[in-house]
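To start, the structure itself, in structure tokens.
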């Protein structure tokens with residue numbers, strides 16, 4: 001397939017999913033609400049001095065983001081299957097890896113929306129200064145989002161075809177993304193305590209490698225998942 | 001789930017291996033099916049089916065519920081991989097090639113339309129996925145031919161079952177496929193819709209379009225198909241000629 005056609009297909013797949021979500025709002029409102037509830041519960045329960053809040057705040061924030069984000073990963077394939085569209089989608093002359101990357105991009109978009117709401121909410125509720133150094137925080141969020149979305153998309157595609165899948169995605173996904181949660185939490189802690197040193201970069205490298213490995217592996221393995 | 005993954009990988013290897021040893025005649029055949037076996041889990045759904053579909057031919061697949069009609073059609077479009085046997089499309093042993101996929105149009109039992117997108121957007125999306133040029137003109141033509149041009153800007157989820165079926169058929173025709181596969185196309189259509197479908201079949205026959213469809217309607221199958229394939233419990237039990245086979249039609253024309 002020519003590169004231009006591949007890029008076109010990728011764009012229109014993403015466009016289709018975003019249009020569907022914006023019109024029907026199947027997932028995002030529920031996902032954001034769940035995230036807000038988690039942030040409210042976690043942020044208001046930390047009764048610690050500010051410097052200690054900064055040590056634990058990152059972990060709690062990313063836990064809320066990724067836990068709520070599982071809803072987006074779950075729905076990205078079940079939405080297609082429930083509507084009977086999945087088969088038609090797999091019969092188009094589009095490489096399975098393109099389907100995977102499109103679904104993953106939409107999940108990344110969902111996580112970005114989630115973070116745009118949850119980070120300010122966490123700051124307001126806990127006074128943890130997440131926005132003090134926005135550049136490094138954006139880097140952590142970008143790598144964490146890609147790593148989480150790659151694993152979430154792959155696991156979501158595997159579980160969506162199962163009849164008794166209730167809660168299975170969360171059960172499989174959360175243990176798999178432990179390195180992402182650890183990495184994001186640790187880099188955020190180091191960032192908030194002003195320790196951007198070689199250790200911080202090592203965690204960033206871990207996040208980057210995790211994101212790259214699962215994106216490539218997901219794109220390569222997706223052909224086997226596409227088959228019923 | 002692990003078993004599903006394992007089966008998928010094993011079947012993939014098996015069919016890849018089979019594909020290398022398959023010899024496809026190619027010329028003149030839209031689809032060549034040889035010794036086709038399909039299984040769901042451990043249950044065989046198709047057993048040793050042989051079927052060659054000549055280009056320009058119209059084939060009806062009939063049989064009782066659970067006979068394997070839908071599975072056979074899914075195998076014909078490459079949506080279900082056979083456990084054994086082979087399927088060739090236009091001389092190719094795989095649908096993984098984009099140029100083969102672009103030659104197949106399929107309408108399943110479920111319309112598979114995006115309820116949130118309008119009728120027009122559903123067609124445009126299909127056209128874009130298939131790399132169709134002038135998609136707006138093509139979509140407008142198909143909406144008009146399907147009698148649903150007035151519904152173009154309504155979400156597909158708000159259309160009636162019949163309208164959705166017409167839209168699904170229009171979507172399958174967006175990229176002007178050489179092989180059209182329809183699974184019980186008249187099931188959701190009213191009387192007017194069935195007449196529209198009959199006219200569509202008639203036009204396809206005159207244009208030499210290859211069509212395979214499943215139906216429970218013996219009269220419809222007899223009137224529009226060159227051959228009728230009867231399935232029972234996954235086996236092909238009979239093939240009969242339609243009331244007006246293609247050869248007769250062409251001779252009379």
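Scoring residue A:172 on the criteria (1) over 18 Å from residue A:69 (Cα atoms); (2) without any contact (Cβ under 8 Å) to a residue 40 or more places away in the chain leaves a single failure, condition (1). Quick one: would you say residue A:54 is modelled with pLDDT under 90 and assigned to a helix (DSSP H, G or I)? Here the answer is yes, as residue A:54 does meet what is asked. Of everything in the range B:111-123, what is free of Cβ contacts under 8 Å to residues at least 40 places away in the same chain and more than 7 Å from every other protein chain (Cβ to nearest Cβ)? Give them in sequence order. Residues satisfying the conditions are B:118, B:120, B:121. Scanning the range B:194-208 for residues that are modelled with pLDDT of 90 or more and crowded, with 18+ Cβ neighbours inside 10 Å yields a count of 4.
Scoring residue B:126 on the criteria (1) closer than 11 Å to residue B:170 by Cβ; (2) more than 8 Å from chain A (Cβ to nearest Cβ) leaves a single failure, condition (2).
Answer yes if at least one residue in the range B:177-189 is at positive phi and out of contact with any helix residue (DSSP H, G or I) (no Cβ under 9 Å at 6 or more places or on another chain), and no otherwise. Within the range B:177-189, not a single residue is at positive phi and out of contact with any helix residue (DSSP H, G or I) (no Cβ under 9 Å at 6 or more places or on another chain).
This table checks each residue for (1) surrounded by fewer than 22 Cβ atoms within 10 Å (Cβ to Cβ); (2) more than 14 Å from chain B (Cβ to nearest Cβ).
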site	(1), (2)
A:34	yes, yes
A:56	yes, yes
A:62	no, yes
A:94	no, no
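Screening residue B:77 with (1) in contact (Cβ under 8 Å) with a residue 40 or more places away in the chain; (2) surrounded by fewer than 23 Cβ atoms within 10 Å (Cβ to Cβ) gives one miss only, at (2). Determine, yes or no, whether residue B:85 is buried (at least 22 other Cβ atoms within 10 Å of the Cβ) and either within 13 Å of residue B:231 (Cβ to Cβ) or in contact with a strand residue (DSSP E or B) (Cβ under 7 Å, 6 or more places away or on another chain) (or both). No. Please tell me if residue B:15 is within 14 Å of chain A (Cβ to nearest Cβ), buried (at least 17 other Cβ atoms within 10 Å of the Cβ) and modelled with pLDDT under 90. Judged against the criteria, residue B:15 is a match. If the condition is being more than 20 Å from residue A:105 (Cβ to Cβ) and either modelled with pLDDT of 90 or more or assigned to a helix (DSSP H, G or I) (or both), then the range A:161-183 contributes A:168, A:170, A:171, A:172, A:174, A:175, A:178, A:179, A:181, A:182, A:183. Checking each residue in the range A:123-136 for being crowded, with 19+ Cβ neighbours inside 10 Å and within 26 Å of residue A:205 (Cβ to Cβ) picks out A:128, A:130. Condition check: surrounded by fewer than 18 Cβ atoms within 10 Å (Cβ to Cβ) and farther than 30 Å from residue B:81 by Cα. Does residue A:193 satisfy that? Yes. Of all the listed residues (A:209, A:213, A:146), the sole one being away from chain B (no Cβ under 14 Å) and crowded, with 22+ Cβ neighbours inside 10 Å is A:146. Taken together, A:89, A:158, A:99 contain a single residue that is within 14 Å of another protein chain (Cβ to nearest Cβ), crowded, with 24+ Cβ neighbours inside 10 Å and part of a helix (DSSP H, G or I), which is A:99. Residue by residue through the range A:24-39, note down the ones that are under 20 Å from the mean Cα position of the chain (by Cα) and either farther than 29 Å from residue B:116 by Cβ or part of a helix (DSSP H, G or I) (or both). Passing the criteria: A:28, A:29, A:30, A:31, A:32, A:33, A:34, A:35, A:36, A:37, A:38, A:39. Candidates in the range B:84-110 are the residues that are more than 8 Å from every other protein chain (Cβ to nearest Cβ) and under 18 Å from residue B:128 (Cβ atoms); of these, the one that is modelled with the highest pLDDT is B:105. Of all the listed residues (A:69, A:30), the sole one being more than 12 Å from every other protein chain (Cβ to nearest Cβ) and surrounded by fewer than 19 Cβ atoms within 10 Å (Cβ to Cβ) is A:30.
The values are calculated or read from the model by the stated rules, or taken from the named source; none is laboratory data. Not measured: the values here are computed from a predicted model. FYI the Cβ positions are ideal-geometry reconstructions off the backbone, even for glycines, and counts take in every protein chain you see.
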